[in-house]
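Everything on this sheet refers to the single structure shown next.
The values are calculated or read from the model by the stated rules, or taken from the named source; none is laboratory data. These figures come from a predicted structure and were not determined experimentally. Every residue, glycine as well, gets a Cβ built from its backbone with ideal geometry; the counts of neighbours run over all protein chains shown. Quick note on the areas: whole protein, heavy atoms, side chains included, nothing else; ligands and nucleic acids left out. Shrake-Rupley method; radii C 1.70, N 1.55, O 1.52, S 1.80 Å.
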Amino acid sequence: MEKNLFYENIKKYADLTEAEFEKLSSFYHIEKIERNQMILSEGEICDFEGYVLEGCFKIFYKEDNIKDHVLYFAIEDWWVLDIGSFVSGKASKLNIQALEDSVIMTINKEDKEKLYVEMPKAERLFRLMNQKALESIQLRMISMLNKTADKRYLDFKNKYPTLEQRIPQHQIAAYLGISHEFLSKIRRKLL
């Protein structure tokens, strides 16, 4: 499995030597995940942080064990975890499911803490990455509060340009907070 994507992602946030990158990546393990496999279910503790090399995941919560609300999709070059559960060690309120056969690099909490001790640059690296993720979450919240469904759909297409061809329409609707039928109307209107 090629780690170039991982290296390019890390380089956005930290200037690591090749030896430092090799040390950092040695803390990660590559895992193959099958389509529809749950890698985290509500009530479990998220004991991993993952980087997506191939595939697609949805991070979601279930309303009354019936309706999915998709917080985000993690595709290639994205990170996947429940940060609250990972940091606190408390039960997750989220679910993470593979929508395609996928490959991820994972690190557990204990190894991440060891990485911080052995490589202080890593702590700064992940702080910067978390700040970027927080900014993204805030922008998503603002979008959900003040944009029309049409604009949210166009934002989705801009943020995930290839995803619409890869996942079912009802998953996109769950991300947008609208019904599958309403998404169909939006798509027809915009065509």
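Here are the numbers for the structure shown:
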read-out: Residue that is farthest from Ala98 (Cα to Cα), among those in segment 1-33 that are in contact with a helix residue (DSSP H, G or I) (Cβ under 8 Å, 6 or more places away or on another chain) and among the aliphatic types (A, V, I, L, M); value: Leu16
read-out: Residues of segment 38-66 that turn out to be open to solvent by less than 70 Å² (accessible area, probe 1.4 Å) and outside any strand (DSSP E or B), as a count; value: 4
read-out: Tabulated pairs, segment 5-19, first open to solvent by less than 70 Å² (accessible area, probe 1.4 Å), second basic (Lys, Arg), C-beta under 8 angstrom, 6+ apart or interchain; value: Tyr13/Lys132; Ala14/Lys121; Ala14/Arg124; Leu16/Lys121
read-out: In segment 171-186, the residues that are in contact (Cβ under 8 Å) with a residue 12 or more places away in the chain, more than 17 Å from the chain's Cα centre (by Cα) and surrounded by 14 or more Cβ atoms within 10 Å (Cβ to Cβ); value: Ile178, Phe182, Leu183, Ile186
read-out: Glu76 vs. criteria within 16 Å of the chain's Cα centre (by Cα) and touching a residue at least 60 places away in the same chain (Cβ under 8 Å); value: yes
read-out: Any hit, segment 96-117, residues being of a type in the set (Asp, Glu), in contact with a strand residue (DSSP E or B) (Cβ under 7 Å, 6 or more places away or on another chain) and closer than 16 Å to Asn9 by Cα; value: no
read-out: Test for Leu24: is it touching a Leu at 6+ places or on another chain (Cβ under 8 Å), more than 27 Å from Ser143 (Cβ to Cβ) and not in a loop (DSSP other than H, G, I, E, B); value: yes
read-out: Evaluation of Lys147 against (1) under 23 Å from His170 (Cβ atoms); (2) touching a residue at least 12 places away in the same chain (Cβ under 8 Å); (3) touching a helix residue (DSSP H, G or I) at 6+ places or on another chain (Cβ under 9 Å) (one fails), failing number; value: (2)
